[in-house]
Amino acid sequence: MHSLKFLQQFISNAFSDAEFVNEPLQLYEPIAYTLDIGGKRLRPVLVLMSCDLFGGEINKAVYPAMGVEIFHNFTLLHDDIMDNAPLRRGRETVHQKWDINSAILSGDTMFVIAYEYVAKTDPELLPQVLNLFNDTARKVCEGQQYDMNFETKSDVVIADYMQMIRLKTAVLIACSVKLGAILAKASPQDAEKIYDFGIELGLAFQLQDDFLDAFGDTNKFGKTIGGDISTNKKTFLFLKAFELAREDTLLKLTNYYCDKEIDRSKKVEEIIRIFRQLKVDEITRHEIENHHQKAMDIFNSLHFESGKASEMIGLMQEMLGRER
């Protein structure tokens with residue numbers, strides 16, 4: 001079993017060796033810029049690690065793995081436009097550095113490039129791979145639409161939110177691990193099981209992200225604490241707080257989230273205080289652990305050579321233990 005460090009370097013080298021700049025430069029330079037920002041390359045590493053887990057050759061999985069990462073970055077590029085976000089991973093977003101029209105068109109082209117990379121796979125497996133990728137791409141877009149709907153919808157409940165993050169976040173993680181299994185020619189049963197594993201891992205991963213937005217360490221988390229609170233984002237914590245709050249606390253929550261003139265730092269401080277008062281932090285940690293345990297139960301039911309589990313388990317811990 002290849003180590004996590006080896007797989008991270010392997011996929012990083014693959015992107016370094018790839019050439020994304022072409023003519024016209026105005027179209028391709030934003031693509032190269034986006035992919036150069038990098039990040040943890042979590043999803044392509046999951047493809048390679050899953051392939052390795054089931055005894056496949058990672059050299060045969062590298063292009064589809066890159067395709068998944070290119071698709072993921074395409075979604076981030078378009079998300080940044082919709083959110084009017086100025087920064088992504090500490091650098092100017094594409095629509096800020098260039099303009100909105102360039103960002104839209106470059107994003108569309110990234111979508112095409114992602115398909116080109118995913119299609120570079122064993123012809124025998126290509127129908128399965130494309131069916132999975134098509135289904136995933138559609139669901140991610142559905143999740144983004146639900147997320148946008150929630151901005152103006154007043155009756156969102158936790159079940160709605162969990163379905164939204166399942167589509168927007170978890171299905172791409174599930175796609176990554178199932179793609180690796182398919183490329184390794186794992187049994188259909190194991191391919192389905194590891195998809196379910198990816199869903200549970202993805203839900204835990206997003207809930208952890210929600211938790212860290214309110215209770216993380218800025219230096220370790222890499223983001224400003226309270227971003228979701230300041231933008232009134234309907235996260236698990238937000239919805240749970242409104243579900244539990246009564247009378248004066250409910251009135252305070254409502255006022256803080258409706259008052260557009262309130263100082264940002266005061267709002268974040270007071271909302272986090274209310275979250276703690278309602279034990280939303282403890283409830284969220286419990287929910288994260290619940291999905292983590294479900295993922296582990298599924299993982300332990302898979303069929304692979306003994307001794308190959310440690311790297312995947314280590315990656316799970318890294319995903320869910322960024323700050324605890």
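Considering only segment 247-254, I want to know if a residue exists there that is among the aliphatic types (A, V, I, L, M) and in contact (Cβ under 8 Å) with a residue 40 or more places away in the chain. Quick ask: steps written out before the conclusion?
First pass over segment 247-254, keeping only residues among the aliphatic types (A, V, I, L, M): 250-251, 253.
Now drop any that are not in contact (Cβ under 8 Å) with a residue 40 or more places away in the chain, which leaves none.
Checked against the condition, which is being among the aliphatic types (A, V, I, L, M) and in contact (Cβ under 8 Å) with a residue 40 or more places away in the chain, segment 247-254 yields no hits at all.
Tell me, which helices (runs of 4 or more DSSP H) lie completely within segment 71-155 with 3 or more residues that are out of contact with any Leu (no Cβ under 6 Å at 6 or more places or on another chain) and touching a residue at least 40 places away in the same chain (Cβ under 8 Å)?
Details: elements: 94-97, 100-118, 126-150.
Passing ranges, in order: 100-118, 126-150.
Out of ASP160, ASP190, I need the residue that is touching a Lys or Arg at 6+ places or on another chain (Cβ under 9 Å), more than 20 Å from ASN73 (Cα to Cα), assigned to a helix (DSSP H, G or I) and not basic (Lys, Arg). Which one? Talk me through it step by step, then tell me what you get.
On the way: ASP190 fails: touching a Lys or Arg at 6+ places or on another chain (Cβ under 9 Å).
Sole residue among the options that is touching a Lys or Arg at 6+ places or on another chain (Cβ under 9 Å), more than 20 Å from ASN73 (Cα to Cα), assigned to a helix (DSSP H, G or I) and not basic (Lys, Arg): ASP160.
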Check on LEU250, within 25 Å of the chain's Cα centre (by Cα) and surrounded by 12 or more Cβ atoms within 10 Å (Cβ to Cβ): no
Residue count for segment 90-101, restricted to those that are closer than 27 Å to THR224 by Cβ, out of contact with any strand residue (DSSP E or B) (no Cβ under 9 Å at 6 or more places or on another chain) and surrounded by fewer than 17 Cβ atoms within 10 Å (Cβ to Cβ): 5
Residue in segment 178-185 that is surrounded by fewer than 23 Cβ atoms within 10 Å (Cβ to Cβ), more than 17 Å from THR121 (Cβ to Cβ), touching a residue at least 12 places away in the same chain (Cβ under 8 Å) and of a type outside the set (A, V, I, L, M) present: no
Test set (1) part of a loop (DSSP other than H, G, I, E, B); (2) touching a residue at least 60 places away in the same chain (Cβ under 8 Å); (3) not acidic (Asp, Glu) - TYR28 fails condition number: (1)
The lone exception for THR152 - which of (1) within 14 Å of the chain's Cα centre (by Cα); (2) among the hydroxyl-bearing types (Ser, Thr, Tyr); (3) surrounded by fewer than 21 Cβ atoms within 10 Å (Cβ to Cβ) it fails: (1)
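Among the residues of segment 42-70, which ones are of a type in the set (A, V, I, L, M, F, W, C) and either closer than 22 Å to VAL112 by Cβ or outside any helix (DSSP H, G or I) (or both)? Quick ask: steps written out before the conclusion?
We begin by selecting, within segment 42-70, every residue of a type in the set (A, V, I, L, M, F, W, C); these are 42, 45-49, 51, 53-54, 58, 61-62, 65-66, 68, 70.
Hits for segment 42-70 are VAL47, PHE54, ALA61, VAL62, ALA65, MET66, VAL68, ILE70.
I'd like the full set of residues that are under 23 Å from the mean Cα position of the chain (by Cα) and surrounded by 19 or more Cβ atoms within 10 Å (Cβ to Cβ), limited to segment 265-297. Spell out how you get there, then give the answer.
The first filter runs over segment 265-297 and keeps only residues under 23 Å from the mean Cα position of the chain (by Cα), leaving 280-297.
VAL280, THR284, GLU287, ILE288, HIS291, HIS292, ALA295, listed by residue number.
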Residue within segment 11-31 that is at pLDDT 95 or above, closer than 18 Å to ALA181 by Cα and either surrounded by 13 or more Cβ atoms within 10 Å (Cβ to Cβ) or not basic (Lys, Arg) (or both) present: yes
Residue check, LEU77 within 18 Å of the chain's Cα centre (by Cα), more than 27 Å from PRO188 (Cβ to Cβ), of a type in the set (A, V, I, L, M) and modelled with pLDDT of 95 or more: yes
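The values are calculated or read from the model by the stated rules, or taken from the named source; none is laboratory data. Worth saying up front: this structure is predicted, and the values here are computed from it rather than measured. Counting neighbours? That spans all protein chains shown, and the Cβs are built from the backbone with ideal geometry, glycine included.
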